[in-house]
Amino acid sequence: MPGMTAGRDPLARLRDAAGRRAAAGLRRTLRPRPDGLTDLASNDYLGLSGDPRLVEGAVAAAREWGTGSTGSRLVTGTTRLHAELDRRLAAFTGSAAGLVFSSGFLANLGAVTALAGPDTLVVSDQVNHASIVDACRLSRSRVVIVPHRDAAAAERALAEREEDHALVVTDAVFSVDGDLAPLGALHAAARAHGALLVVDEAHALGVVGEGGRGAAHAAGLAGEPDVVLTLTLSKSLASQGGAVLGAPEVIDTLVDTGRSFIFDTGLNPPAAGAALAALDVLASDPALPGRARERALAISNLAAGSGLETARPAAAVVPVFLGEPQAAVRAAEICAEHGLRVGCFRPPSVPKGRACLRLTARATLDESDLTRLRAALAEIASSTGRSLHP
């Protein structure tokens, strides 16, 4: 290339790496959301994205406060809506206090890095979300990765630590396999060893527990002072943003020292307005979470009935395991041919050999949607050779 020293093309390694990913079926593309496909890929578990009540909540907030928050929450980015959302999210989950961030990713970064440090051990589940993984890396703590859902391993790590303090960090519902963390056992281990339990409710809020109050609430841990919740507003609440919920001491620490809170522009007011409207919808229709769980179970039964490897869902996420990336890509194409958009997860999002479709239930799915899915899954089972039926 002109102006480049021979043999020093800094982009060559990027092109080479892209070629290797393409050969392995691991290239990703940005695709505009297509018209006409039934959504079995998004995290809109309650079907509230586009709900007129949420749209009106966002519009009213924009009219009163404008489209942007104009600064960090410590400067000009906190409005009356933000303060109300802090309070409402805490009350909904049974927590003492709350703090809204501009994304769930940043909420996890803020919580773990502010509560950890060189004198703190962090114990993290092997398949925690990437935001938790990155938070652990930034925490300056020693991190012990324990096998998936292994509370006994977490307890051993806590018992053997030399650090003065400790955090146990876990997803509530894991984002691909859709299974539930053993929160009761993890909390017992954390409490026995003077540790905080940090639970990411991203895929549980709005789906798990009475009225969708989340997995910690369902496990009887609501309001426990040694339990910290993180969550996102972008899934069941069909908005944007995140939050950390917990004891006042936790929230004060985040306001004072949480870098992803202090140095980030606050959540925009329309997103706060939409999230508040979603909480109103949940209060008026507490059966919505149950309907989402029923649809997830129906999807899982369809996959199993087709002979495909799946798992019984704890919330709204249903995996269909296909092994190699190319098989998962072809399965997603078959679903599109049947009018269905699905998630296609490949390494590094999942372990090697565990490429899968990630199907997500929605409270508003109807029987015609499930009928098309049944036909697609049957074709996938026969065309990929992944059927478990003899």
Taking the Cβ of Val244 as the centre, find all other residues whose Cβ is under 11 Å away and add up their charges (Lys, Arg: +1; Asp, Glu: -1).
-> -3
For Ala97, other-chain or 5+-apart residues with amide H closer than 5 Å (H placed, Pro excluded) are Gly246
From phi via Karplus (6.51, -1.76, 1.60), per-residue ³J(HN,Hα) for region 122-129 in Hz, x at Gly/Pro | 10, 10, 10, 5, 4, 10, 4, 4
Let me know the shape class of region 282-333, please: from the alpha-carbon gyration tensor, a ≥ b ≥ c as square roots of the eigenvalues, rounded when a/c is under 1.5, otherwise prolate if a/b is greater than b/c, or oblate.
-> prolate
For region 222-227, what does the Karplus curve 6.51 cos²θ - 1.76 cosθ + 1.60, with θ = phi - 60°, yield as ³J(HN,Hα) per residue in whole Hz, taken in order and with x for Gly and Pro?
-> 4, x, 5, x, 9, 10
Taking Lys and Arg as +1 and Asp and Glu as -1, residues besides Arg27 with C-beta under 15 Å from its C-beta add up to +4
When the Kirkwood hydrodynamic radius is evaluated over all pairs of different C-alpha atoms of region 334-377, what value in angstrom, to one decimal, is obtained?
-> 11.6
Counting only the heavy atoms of the protein chains, how much of His129 is accessible to a 1.4 Å probe, in Å² to the nearest 10?
-> 70
Compute the relative contact order of the chain as a whole-number percentage, counting only Cα pairs closer than 8 Å that sit 6 or more residues apart in sequence.
-> 22
Could you work out the Rg to Rh ratio of region 1-152, with Rh taken as the Kirkwood radius (inverse of the mean 1/r over all Cα pairs)?
-> 1.06
On full extension of the chain, what length is gained from Ala18 through Glu367, given 0.36 nm per residue of separation minus the C-alpha to C-alpha distance?
-> 121.5 nm
Karplus-derived 3J(HN,Hα) from phi for region 344-354 (6.51 cos²θ - 1.76 cosθ + 1.60, θ = phi - 60°), whole Hz, x at Gly and Pro, runs 10, 10, 10, x, x, 5, 9, x, 4, x, 10
Local net charge near Ala97, Cβ-Cβ under 11 Å (Lys/Arg +1, Asp/Glu -1) = -2
Antiparallel DSSP beta bridges within the chain, as percent of all bridges there, nearest 5 | 50
Fraction of accessible area attributable to carbon and sulfur, region 260-390 (%, probe 1.4 Å) = 54
Using the Cα gyration tensor of region 18-76, with a ≥ b ≥ c the square roots of its eigenvalues, what is the shape: rounded (a/c below 1.5), prolate (a/b larger than b/c) or oblate (neither)?
-> oblate
Evaluate the charge dipole of region 215-369 about its Cα centre and quote only its size in Debye, nearest 20, assuming +1 on the Cβ of each Lys and Arg and -1 on the Cβ of each Asp and Glu.
-> 580
Region 317-390: mean projected area of Cα convex hull, nm² | 5.0
Could you list which residues have their amide H under 5 Å from that of Val228, counting only those 5 or more apart in sequence or on another chain, with H placed in the peptide plane?
-> Leu197, Val198, Val199
Dimensionless Rg over Rh [region 135-232; C-alpha; Kirkwood] | 0.95
Dividing the Cα radius of gyration by the Kirkwood radius, what Rg/Rh value follows for region 37-113?
-> 1.00
How large is the dipole of the chain about the Cα centre if only Lys and Arg carry +1 and Asp and Glu carry -1, each at its Cβ, rounded to the nearest 20 debye?
-> 1280
Taking the Cα centre of the chain as the origin and placing charges on Cβ (Lys, Arg +1; Asp, Glu -1), which of Leu233, Val55, Ala23 is farthest toward the positive end of the dipole?
-> Ala23
In Å², rounded to a whole number, the accessible area per residue of region 180-228 with probe 1.4 Å is 30
Rounded, prolate or oblate: which one fits the chain, using the alpha carbon gyration tensor with axes a ≥ b ≥ c (rounded when a/c is under 1.5, else prolate when a/b beats b/c, else oblate)?
-> rounded
Taking region 29-112 and dividing mean pair separation by its residue count, relative contact order in percent (alpha carbons under 8 Å, at least six apart) | 12
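The values are calculated or read from the model by the stated rules, or taken from the named source; none is laboratory data. Everything quoted here is computed from the prediction, not taken from an experiment. As a convention, Cβ positions derive from the backbone with ideal geometry for all residues, glycine included, and neighbour counts pool all protein chains shown. All accessible areas refer to the heavy atoms of the entire protein, side chains included, with ligands and DNA or RNA removed. Shrake-Rupley method; radii C 1.70, N 1.55, O 1.52, S 1.80 Å.
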